Structures are given as C-alpha cells and as structure tokens.
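To keep things clear, I will list the structure first and then write my remarks on it.
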Amino acid sequence: MLLELKSAGVTFGGTLFAGPRKRALAPLSLSVGGVPHILAVVGESGSGKTTLTRLLLGLLRPSTGAVTWNGDDVWRLPKPKFAEYRRAVQAVFQDPFGAYNPVYRVDRMLILPALRFGLAGSEEAARPLAEAALAAVGLRPAETLGRFPHQLSGGQRQRLMVARAMMLKPSVLIADEPVSMVDASLRATILETLYRLRQDGGMSLVYVTHDLATAYQIADSIMVMRNGEVVEQGETVSVIRTPAHSYTRDLVAALPPPDPTIDWGLESTT
Ligand SMILES: Nc1ncnc2c1ncn2[C@@H]1O[C@H](COP(=O)(O)OP(=O)(O)OP(=O)(O)O)[C@@H](O)[C@H]1O
Ligand SMILES: [Mg+2]
C-alpha cells in the first residue's frame, strides 16, 4: 500500500479564461503508506496544503509529474484497482459542508459506503458499524443518525466525516483540518483516536493543520509549506526543537505552552 507523489506539481490558470498562471504546488516527491506514519502538513493559508491533499486523493490532476498507487499512475488505473484505491485512501475534507450530499440523512451517509465497500452485507449489519463510528468521535447515534447534514453544527459535521472515514478502515487517511471547528478537549479525543488507528490499525495519516501544537502531539514527521514549496521537513521532534527555516521558527515561537488539562494519553511516544 504505497501512495506516492513523483515530482508532482500544480499550476492553475494560464489560459485566456482561467485567469493568470499561479503555481500552487512546486514539484514535490512524497511517499505515504509504506510504514504506518503520521505526517503533519503545516503552513499558512494559501501555501498549497489542500492542493497537495487533492493530488493524493486523485481529485486533481498534477500539471507535472505523477501520483501513483502501488506504483501505478492513479489517473490510469484500471477499474478494479481504482476501486481499491478509492477505498484504501479516505479523506476528511476541510469544508465539511461541501463534502456532503444534502438530501441524505446521516444514517445513509454511513450505511451506503459500508455496503458499497463490502464492510457489511445488509443495512442491519451496517447499522452497528455506523453507531460505533459515531460514538468514537463523541456523537450520540440516537441523536445524529436521523438528521440531515445542515441540521448539524460545523464541528459535528467534521466529526461525522472523521467517523465515516474511520469506519472504512483505510490504509491512508488524508485529513485536511479535520478538527478545526471542534473544541479543544474533543479535539484531543479525536486526534487520539486517529493516533490509535496508526498505532494499532496500521493506518497512515496525512494531517493538514494550521495548528503546530496538535501536529507536535501526534505526528511522526512534519512538513512545513510556504508559497507552494516545502520549506522544511523532518522528524517532529527535530523540526520543533531545532527549526531550520525562519518561518518554522516563528511558528514554534507562537506555540502555546502545553495544556496540562488535556490528557493526550500519548506519553509513551515521547
Ligand atoms: N482551483 C483553483 N484555481 C486557481 N487557483 C487555485 C485553485 N485552488 C487553489 N488555488 C490557489 O492555489 C494556492 C494554494 O491553495 P491551497 O488551497 O492549496 O492552500 P491551503 O494551504 O490549503 O490554504 P488554507 O490554509 O487557506 O486552506 C492559493 O494561492 C490558491 O488561491
Ligand atoms: Mg486548505
């Protein structure tokens, strides 16, 4: 299970109707999913983080280079392999509203993929999976399953996306600001759940965030982006302790002191 960017870069525009040329992502090589790993991608707004995730998810074609799944170009995968890739690489999007079909209730949104990806043979069999996934992100199934997405708060919608992704047990989860609208204590719970999926379930995570503090808590390595380029990359501890780039130094200087009221349960890793 290996998802790779091979000198993949993205340039938008440059044609008469598409606006001026804009390089959103300089050519970048990256491997995800070989060994279970959490990669945090941090950087200011517009630095290319979401563009990177859209490449990995096969939602955006690279302008140069390639995106490969187990060595094969994801844009040329034969149907069965493409289906396997779609199941194995799941997403939590930055904008949880845009990601939902507004006419489906929450139960449909969890049960349909469980059936489609063969996790359950029937709706009755899928329901307990859906309920367990909701409970893992702090949502009460009884209150949530019958609702439409617009009847949930932003933070509840984000948690629903995390629940859906986790239920499908992907090899790779690409999470773009997955907990930005969730309050601090619940954020810790959800990130801890994701962390455990990497520990116990062998899942790899690409965790996009503005928040260096949570990246520090769960990531094995950190990639810092600026203006479409990776300005720094390395093991979490060394990036935080000895940031090489001035932009990273500023981020580190802005880190809040550790909050003793949040129990991350991650002590064994540090
Ligand atoms: N479809 C598009 N057409 C033209 N330009 C785009 C498009 N999508 C993104 N861009 C530009 O590419 C750059 C990178 O955008 P991207 O969404 O990857 O940033 P980001 O790091 O995710 O920012 P944020 O933290 O605000 O989510 C930005 O300058 C953005 O305006
Ligand atoms: Mg973004």
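The values are calculated or read from the model by the stated rules, or taken from the named source; none is laboratory data. Here the structure is a predicted model, which means the values were calculated and not measured. Backbone-built Cβ (ideal geometry, glycine too); neighbour counts: all protein chains shown. When the accessible area is computed, the model is the full protein with side chains, heavy atoms only, and any ligands, DNA or RNA have been set aside. Shrake-Rupley method; radii C 1.70, N 1.55, O 1.52, S 1.80 Å.
Of the residues Ala165, Ala120, Ala133, the single one that is open to solvent by less than 60 Å² (accessible area, probe 1.4 Å), small (Gly, Ala, Ser) and either on the phi > 0 side of the Ramachandran plot or touching a residue at least 40 places away in the same chain (Cβ under 8 Å) (or both) is Ala165. Looking at the structure I just gave you, is Ala66 buried (at least 17 other Cβ atoms within 10 Å of the Cβ) and more than 17 Å from the chain's Cα centre (by Cα)? The answer is yes for Ala66.
Somewhere in the stretch 90-97, is a residue over 18 Å from the mean Cα position of the chain (by Cα) and either open to solvent by 60 Å² or more (accessible area, probe 1.4 Å) or within 13 Å of ligand 2 (Cβ to nearest atom) (or both)? No - not one qualifying residue is present in the stretch 90-97. Annotation: of all residues in the stretch 7-31 being open to solvent by less than 50 Å² (accessible area, probe 1.4 Å) and part of a loop (DSSP other than H, G, I, E, B), the one that is farthest from ligand 2 (Cβ to nearest atom) is Gly14. The set of residues in the stretch 135-163 that are of a type in the set (Gly, Ala, Ser) and either within 24 Å of Ala184 (Cβ to Cβ) or in contact with an Asp or Glu (Cβ under 6 Å, 6 or more places away or on another chain) (or both) comprises Ala135, Ala136, Gly138, Ser153, Gly154, Gly155, Ala163. Looking at the structure I just gave you, is Ile218 within 16 Å of ligand 1 (Cβ to nearest atom), open to solvent by less than 20 Å² (accessible area, probe 1.4 Å), among the β-branched types (Val, Ile, Thr) and in contact with a Leu (Cβ under 8 Å, 6 or more places away or on another chain)? In short, no. As a summary of the residue check, Leu205 satisfies the conditions (1) over 17 Å from the mean Cα position of the chain (by Cα); (2) at pLDDT 95 or above except for the one numbered (1). Selection within the stretch 143-160: residues that are in contact (Cβ under 8 Å) with a residue 40 or more places away in the chain and part of a helix (DSSP H, G or I). The member of this set that is surrounded by the most Cβ atoms within 10 Å (Cβ to Cβ) is Gln158. Taken together, the residues in the stretch 32-50 that are more than 12 Å from the chain's Cα centre (by Cα), within 13 Å of ligand 1 (Cβ to nearest atom) and open to solvent by 20 Å² or more (accessible area, probe 1.4 Å) amount to 3.
The residue pairs whose first member lies in the stretch 226-244 and is closer than 15 Å to Glu44 by Cβ and of a type in the set (Gly, Ala, Ser), whose second member is in a strand (DSSP E or B) and modelled with pLDDT under 95, and whose beta carbons are closer than 6 Å, counting only pairs six or more residues apart or on different chains, are Gly228/Arg23. For Ile222, the criteria (1) on the phi > 0 side of the Ramachandran plot; (2) at pLDDT 90 or above hold in every case but one, which is (1).
Within the stretch 177-211, being open to solvent by 10 Å² or more (accessible area, probe 1.4 Å), within 20 Å of Glu235 (Cα to Cα) and either out of contact with any His (no Cβ under 9 Å at 6 or more places or on another chain) or within 16 Å of ligand 2 (Cβ to nearest atom) (or both) holds for Glu192, Tyr195, Arg196, Leu197, Gln199, Gly202, His210, Asp211. The residues listed here are Glu192, Glu177, Glu232; of these, the one that is of a type in the set (Asp, Glu) and farther than 24 Å from Leu5 by Cα is Glu192.
Looking at the stretch 8-23 only, could you name the residues that are over 20 Å from Trp75 (Cα atoms) and within 7 Å of ligand 1 (Cβ to nearest atom)? Gly13, Gly19, Lys22, listed by residue number.
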